[in-house]
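**Q** Once you've had a glance at the structure underneath, I'll fire off some questions.
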């Protein structure tokens, strides 16, 4: 049913339609509304045969999901930011054990300095954990991806993170079409684990693997994720057949074919980018968009196909690898290895800094964009700070000192 | 204690089931059709108290659960020596995830089977003292607090043995470990450190808490069977000597464990909903020195230049246990 | 006549963007959400989102709502609001609430005072007087709801001056969000504010 709803609520209702059997949660902004919604749905008896467990930490949240999944239950949890870091050990454990857990990430910066707003640093920190990572572009997709994620997870025996931009998407009220139980049931059959903890057929899960076999175990994980690309693409197609709308797929493009400049994004910022592209195309500019939905496994061929004809590529990064640039650009550069297309890393929107149409227009108006640039960086503040540092060794907290220098942006906070 | 103690006359111990008894009165371990949860061929050291404790505990749990048992195991000796891929010594449904999350894994397993409408499937989480009293305490407390339907068993050998005998929060004072060497003015581990997880468990007012020892295996079996029959969060803390870490003779494991009980250093008791209900009384407390001198980790206490105050301070701990838990016969 | 012109003008905006200023606990975010629901019920596209601070009572809070007849894709904060709703007049001189206000923007302030009493005469040099309105929303809420929550009344007033949403959908959105008595009384406050501003508007129209 189409309704005007907070994205988090839509995610909660959609996850409930997937009939999870164990939901565990530890609250962290901006994931809270999702698990609050699920708590209510379970407590009200609207979701049968589901245990909702309030745990004492994110480490426990994902551990409970791991135990439940190993025991053959469809398990779900959600987290963000510090919470994802706190469960990092279990993140690798879940993928190593091949447990098809689905976890929503309400993407948020990681500290210090503490910051509750949106960027992609959290899920990026787990990009090589062996999880599948899907980024939602819209509120509708944030909800829909969960149905697809359970199906992908269970078909590939890989856990899936559904990355939803914190606040920007999680707290946005928008029209979302919540599918019917019948449609979800038709698309997502009950979970049939490949192996599980069952006293009638006892197995050992989680044995210690030594140097003689560890490489092979890891290789098989690598191989499984590469093969998952095809499954993700296929199931995205099946989703469209079942629900009559697009969801997932490896990458999406908007006027990218034949465009001279292609902007590469992950997640919800592509909406703003599309508006700017329309404006500039009306004025004759040759600009398009490549939105990567499936960030892990990275769809090298799909990215390469879309970008092969571009004259320049701008990768809009909501995360920063200090002293390197951005993780997405590194992957895009690898996808375009051999081509001489200039690729620029545009770090933007860190810690919830709004990515505005005005800034995007300025960026796209530039003849040349450096290999690494930062959108809307207050250079005066940085220069003042660096200058001061040259005069006397810095003993203060760098980020706090920078913030003091910033001109307060009136409506950004 | 409610368990019937059966003296095994040939050896003078209580450890084995007396075959003159009726089948119901025999120990689980004396039954040739027992589950043999942790079977032979594993790679534990000679005289390993933990392997002994785990075998007795899980066979008793399997019996009490009618074979419908799943076990979650923390990282540690027990996990490493039992499951070197591609081998396993576990003849039960068993899972290892991480060091600090054994209790939470068990919570998840229990929740899964609850959601599937299978309350007959019982769940045990287990770990060593490191995985229980230190890194796993958060998950353990969460499991207790929610009264999850899990029996947690801690095999306490009083240090991080798997990594090479480093100090844990269960290491006794004055004990030499790799990170509390027997050097300096106060050799060995500090006095005044550590915690009692059984008491912490009791503070959660969970249905059942017990301590047990590999010296009293009938009692251990009894407590495990009793715990399995109860629903909700349960905790059993088992004292398991480690010949390697303690510097005791492998043949002395039971003897050392018994002395820990008889000195009062490791009180055996049961508690229900936070109140001690039963304790194993000590007729004549053995001086702690008898226990300490069997272990090279305490050898510095008996050196010529040793501070006599140290043994006296350990004696005080035993005396206080005897008083606090009402262990005097 | 003037009303029709205004209505036409605002309809010409492809995207109507609202920025609501208030303080934590005054229902600022809820106001934006209810407004988006009202527009949705009316068959339009809408998007509401807050500027997400930590949850503290009394702290300045801003929320946004976009309304359009086409799907809304942009997610940037509203920098140039088509309409401003100021739920708490004590913010006027602390927070740059008027930032980005275009020449034909609407301003709706919750106050029982006049603009000059608030020290805002200058504002009238920036926006047309018929678009710069005050409404005693807190007072209306106290009378009808019994609590100083001005958000519903302000939405009624918003419907009256902008015509972006019809009052019946504001009414439904409020009642959907707060079923039962709370919804009824808040909807009554919204209707009261709507009628007050409609009356004032016809006075304006007659005067011009």
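**Q** Is it the case, given these coordinates, that residue A:308 is more than 14 Å from every other protein chain (Cβ to nearest Cβ) and free of Cβ contacts under 8 Å to residues at least 24 places away in the same chain?
**A** Values: more than 14 Å from every other protein chain (Cβ to nearest Cβ): yes; free of Cβ contacts under 8 Å to residues at least 24 places away in the same chain: no.
When the stated conditions are applied, residue A:308 does not pass them.
**Q** Can you run down the residue pairs with Cβ atoms below 7 Å, 6 or more apart or on separate chains, where the first is in the stretch A:198-212 and closer than 11 Å to residue B:85 by Cβ and within 7 Å of chain B (Cβ to nearest Cβ) and the partner is modelled with pLDDT of 95 or more and part of a loop (DSSP other than H, G, I, E, B)?
**A** A:204/B:83; A:204/B:88; A:206/A:97; A:206/B:97; A:207/B:83; A:207/B:88; A:208/B:83
**Q** Inspect all residues belonging to the stretch A:253-260 and state whether any of them is away from every other protein chain (no Cβ under 14 Å), surrounded by fewer than 21 Cβ atoms within 10 Å (Cβ to Cβ), at pLDDT 95 or above and under 18 Å from the mean Cα position of the chain (by Cα).
**A** yes
**Q** Now for a different question. Within the stretch B:136-152, can one find any residue that is more than 14 Å from chain A (Cβ to nearest Cβ), under 25 Å from residue B:293 (Cα atoms) and surrounded by 20 or more Cβ atoms within 10 Å (Cβ to Cβ)? Quick ask: steps written out before the conclusion?
**A** Quick first cut of the stretch B:136-152, residues more than 14 Å from chain A (Cβ to nearest Cβ) only: B:151.
Imposing the further condition that a residue be under 25 Å from residue B:293 (Cα atoms) reduces the set to none.
So far as the stretch B:136-152 goes, no, none of its residues is more than 14 Å from chain A (Cβ to nearest Cβ), under 25 Å from residue B:293 (Cα atoms) and surrounded by 20 or more Cβ atoms within 10 Å (Cβ to Cβ).
**Q** Let me ask something else. Taking the options A:65, A:136, A:61, name whichever one is modelled with pLDDT of 95 or more and more than 14 Å from chain B (Cβ to nearest Cβ).
**A** Values: A:65 fails: more than 14 Å from chain B (Cβ to nearest Cβ); A:61 fails: more than 14 Å from chain B (Cβ to nearest Cβ).
None of the others qualify; the one that does is A:136.
**Q** Let me ask something additional. When you go through A:328, A:276, A:332, A:313 one by one, which is the residue that is at pLDDT 95 or above, touching a helix residue (DSSP H, G or I) at 6+ places or on another chain (Cβ under 9 Å) and assigned to a strand (DSSP E or B)?
**A** Details: A:328 fails: assigned to a strand (DSSP E or B); A:276 fails: assigned to a strand (DSSP E or B); A:332 fails: assigned to a strand (DSSP E or B).
Testing whether each residue is at pLDDT 95 or above, touching a helix residue (DSSP H, G or I) at 6+ places or on another chain (Cβ under 9 Å) and assigned to a strand (DSSP E or B) leaves just A:313.
**Q** Okay, next question. If you scan the stretch A:277-305, which residues turn out to be more than 23 Å from the chain's Cα centre (by Cα), surrounded by fewer than 21 Cβ atoms within 10 Å (Cβ to Cβ) and touching a residue at least 12 places away in the same chain (Cβ under 8 Å)?
**A** A:279, A:280, A:281, A:285, A:286
**Q** Anything in the stretch C:119-135 that is over 17 Å from residue C:158 (Cβ atoms) and outside any helix (DSSP H, G or I)? List them, or say none.
**A** C:119, C:120, C:121, C:122
**Q** What helices (runs of 4 or more DSSP H), lying completely within the stretch B:168-286, carry at least 2 residues that are at pLDDT below 95, crowded, with 17+ Cβ neighbours inside 10 Å and at negative phi?
**A** On the way: elements: B:197-203, B:217-229, B:243-246, B:253-263.
In the stretch B:168-286, B:217-229 are the helices (runs of 4 or more DSSP H) which contain 2 or more residues that are at pLDDT below 95, crowded, with 17+ Cβ neighbours inside 10 Å and at negative phi.
**Q** Quick check on the stretch B:72-81. Is at least one of its residues within 14 Å of chain A (Cβ to nearest Cβ), modelled with pLDDT under 95 and either on the phi > 0 side of the Ramachandran plot or part of a loop (DSSP other than H, G, I, E, B) (or both)?
**A** Just the residues of the stretch B:72-81 that are within 14 Å of chain A (Cβ to nearest Cβ), to begin with: B:72-81.
This time we only want the ones that are modelled with pLDDT under 95, so: none.
Among the residues of the stretch B:72-81, not one is within 14 Å of chain A (Cβ to nearest Cβ), modelled with pLDDT under 95 and either on the phi > 0 side of the Ramachandran plot or part of a loop (DSSP other than H, G, I, E, B) (or both), which makes the answer no.
**Q** Check whether at least one residue in the stretch B:31-41 is farther than 21 Å from residue B:241 by Cα and buried (at least 24 other Cβ atoms within 10 Å of the Cβ), and report yes or no. Give the steps one after another, and end with the answer.
**A** Restricting attention to the stretch B:31-41, the residues satisfying the condition of being farther than 21 Å from residue B:241 by Cα are B:31-36.
Next, only the ones that are buried (at least 24 other Cβ atoms within 10 Å of the Cβ) stay: none.
No, the conditions are met nowhere in the stretch B:31-41.
**Q** Just checking, does the stretch A:206-227 include any residue being farther than 20 Å from residue B:79 by Cβ and assigned to a loop (DSSP other than H, G, I, E, B)?
**A** No.
**Q** Name the residues in the stretch A:155-175 that are farther than 17 Å from residue A:78 by Cβ and touching a strand residue (DSSP E or B) at 6+ places or on another chain (Cβ under 9 Å), would you? Full working, then the answer.
**A** So in the stretch A:155-175, the residues farther than 17 Å from residue A:78 by Cβ come out as A:155-158, A:173-175.
Matches in the stretch A:155-175: A:156, A:158, A:173, A:174, A:175.
**Q** If you don't mind, another one. Need the failing condition index for residue A:71 against (1) more than 7 Å from chain B (Cβ to nearest Cβ); (2) within 25 Å of residue A:190 (Cα to Cα); (3) buried (at least 22 other Cβ atoms within 10 Å of the Cβ), just the number.
**A** Of everything listed in (1) more than 7 Å from chain B (Cβ to nearest Cβ); (2) within 25 Å of residue A:190 (Cα to Cα); (3) buried (at least 22 other Cβ atoms within 10 Å of the Cβ), residue A:71 misses just condition (1).
**Q** Would you say residue C:28 is within 20 Å of residue C:105 (Cβ to Cβ) and more than 9 Å from chain A (Cβ to nearest Cβ)? Spell out the reasoning first.
**A** Values: within 20 Å of residue C:105 (Cβ to Cβ): yes; more than 9 Å from chain A (Cβ to nearest Cβ): yes.
Yes, satisfied.
**Q** Related question: Looking at the stretch A:5-30, which of the residues that are assigned to a loop (DSSP other than H, G, I, E, B) and within 13 Å of another protein chain (Cβ to nearest Cβ) is surrounded by the most Cβ atoms within 10 Å (Cβ to Cβ)? Working first, answer last.
**A** First pass over the stretch A:5-30, keeping only residues assigned to a loop (DSSP other than H, G, I, E, B): A:18-21, A:26-30.
In the following step, the residues that additionally are within 13 Å of another protein chain (Cβ to nearest Cβ) were identified as A:19-21, A:26-30.
Values: A:19: 19, A:20: 29, A:21: 25, A:26: 25, A:27: 18, A:28: 23, A:29: 21, A:30: 25.
For the stretch A:5-30, the residue satisfying everything is A:20.
**Q** Can you find even one residue in the stretch A:219-226 that is more than 18 Å from residue B:116 (Cβ to Cβ), within 14 Å of another protein chain (Cβ to nearest Cβ) and either touching a strand residue (DSSP E or B) at 6+ places or on another chain (Cβ under 8 Å) or without any contact (Cβ under 8 Å) to a residue 60 or more places away in the chain (or both)? Give the derivation first.
**A** Of all residues in the stretch A:219-226, those more than 18 Å from residue B:116 (Cβ to Cβ) come to A:219-226.
Then drop every residue that is not within 14 Å of another protein chain (Cβ to nearest Cβ), which leaves A:220.
Restricting the remaining residues to those that are either touching a strand residue (DSSP E or B) at 6+ places or on another chain (Cβ under 8 Å) or without any contact (Cβ under 8 Å) to a residue 60 or more places away in the chain (or both) gives A:220.
Yes: one or more hits.
**Q** Tally time: how many residues in the stretch B:101-123 are in a helix (DSSP H, G or I), at the interface with chain A (Cβ under 7 Å from one of its Cβ atoms) and within 21 Å of the chain's Cα centre (by Cα)? Before you say what the answer is, go through the steps one by one.
**A** Here is the first cut: in the stretch B:101-123, the residues in a helix (DSSP H, G or I) are B:102-115.
Filter again for at the interface with chain A (Cβ under 7 Å from one of its Cβ atoms), leaving B:104-109, B:111-115.
Right, trim to within 21 Å of the chain's Cα centre (by Cα) and you get B:104-107.
Total satisfying the criteria: 4.
**Q** Considering each of C:115, C:101, C:108 in turn, give the residue that is touching a helix residue (DSSP H, G or I) at 6+ places or on another chain (Cβ under 9 Å), surrounded by 18 or more Cβ atoms within 10 Å (Cβ to Cβ), more than 14 Å from every other protein chain (Cβ to nearest Cβ) and assigned to a loop (DSSP other than H, G, I, E, B). Working first, answer last.
**A** Values: C:101 fails: more than 14 Å from every other protein chain (Cβ to nearest Cβ); C:108 fails: assigned to a loop (DSSP other than H, G, I, E, B).
Result of the check over C:115, C:101, C:108: C:115.
**Q** So, one more: On the given criteria, is residue B:66 exposed (fewer than 14 other Cβ atoms within 10 Å of the Cβ), over 21 Å from residue A:205 (Cα atoms) and either at pLDDT 95 or above or within 14 Å of chain A (Cβ to nearest Cβ) (or both)?
**A** Taking the combined requirement at face value, the residue satisfies it.
**Q** Please give the number of the condition residue C:188 fails out of (1) surrounded by 17 or more Cβ atoms within 10 Å (Cβ to Cβ); (2) farther than 22 Å from residue C:41 by Cα; (3) in contact with a helix residue (DSSP H, G or I) (Cβ under 8 Å, 6 or more places away or on another chain).
**A** Unmet condition: (2).
**Q** What single numbered condition from (1) within 13 Å of chain A (Cβ to nearest Cβ); (2) touching a residue at least 24 places away in the same chain (Cβ under 8 Å) fails to hold for residue B:86?
**A** If we test residue B:86 against (1) within 13 Å of chain A (Cβ to nearest Cβ); (2) touching a residue at least 24 places away in the same chain (Cβ under 8 Å), just (2) comes out false.
**Q** Hey, another quick one. If I filter the stretch A:316-325 down to residues being farther than 20 Å from residue A:270 by Cβ and in contact with a helix residue (DSSP H, G or I) (Cβ under 9 Å, 6 or more places away or on another chain), which single residue comes out as surrounded by the most Cβ atoms within 10 Å (Cβ to Cβ)? Let's see the steps before the verdict.
**A** Filtering the stretch A:316-325 for residues farther than 20 Å from residue A:270 by Cβ gives A:321-325.
If we keep only those that are in contact with a helix residue (DSSP H, G or I) (Cβ under 9 Å, 6 or more places away or on another chain) as well, we get A:321, A:324.
Working: A:321: 16, A:324: 11.
Top of the filtered list is A:321.
**Q** Take the stretch B:124-167 and flag every residue that is in a helix (DSSP H, G or I) and in contact (Cβ under 8 Å) with a residue 40 or more places away in the chain. Even if it seems obvious, please write down each step before you answer.
**A** Let us first name the residues in the stretch B:124-167 that are in a helix (DSSP H, G or I), namely B:129-134, B:137-145.
If the condition is that a residue be in a helix (DSSP H, G or I) and in contact (Cβ under 8 Å) with a residue 40 or more places away in the chain, then B:129, B:130, B:131, B:132, B:133, B:137, B:140, B:141, B:143, B:144, B:145 are the ones that fit.
**Q** I would also like to ask the following. Surrounded by fewer than 21 Cβ atoms within 10 Å (Cβ to Cβ) and either in contact with a strand residue (DSSP E or B) (Cβ under 7 Å, 6 or more places away or on another chain) or within 22 Å of residue C:91 (Cβ to Cβ) (or both): is that true of residue C:121 in this structure? Break it down into steps so the answer makes sense when it comes.
**A** On the way: surrounded by fewer than 21 Cβ atoms within 10 Å (Cβ to Cβ): yes; either in contact with a strand residue (DSSP E or B) (Cβ under 7 Å, 6 or more places away or on another chain) or within 22 Å of residue C:91 (Cβ to Cβ) (or both): yes.
Yes, satisfied.
**Q** Let me ask something else. Output yes when any residue across the stretch A:74-92 is modelled with pLDDT of 95 or more, closer than 19 Å to residue A:15 by Cα and within 8 Å of chain B (Cβ to nearest Cβ), and no when none is. Give the derivation first.
**A** Start the filter on the stretch A:74-92 by keeping residues that are modelled with pLDDT of 95 or more, which leaves A:74-92.
Within this subset, residues satisfying the condition of being closer than 19 Å to residue A:15 by Cα are A:74-80.
Next, from what is left, pick out any that are within 8 Å of chain B (Cβ to nearest Cβ): A:75.
Yes - at least one qualifying residue is present in the stretch A:74-92.
**Q** Would you mind stating whether residue A:112 is surrounded by fewer than 24 Cβ atoms within 10 Å (Cβ to Cβ) and either touching a residue at least 40 places away in the same chain (Cβ under 8 Å) or within 30 Å of residue B:119 (Cα to Cα) (or both)?
**A** Considered against the rule, which asks whether it is surrounded by fewer than 24 Cβ atoms within 10 Å (Cβ to Cβ) and either touching a residue at least 40 places away in the same chain (Cβ under 8 Å) or within 30 Å of residue B:119 (Cα to Cα) (or both), residue A:112 comes out as yes.
The values are calculated or read from the model by the stated rules, or taken from the named source; none is laboratory data. Being a predicted model, the structure only gives us computed values, none of them experimental. Cβ: placed from backbone, ideal geometry, glycine included. Neighbour counts: every protein chain shown.
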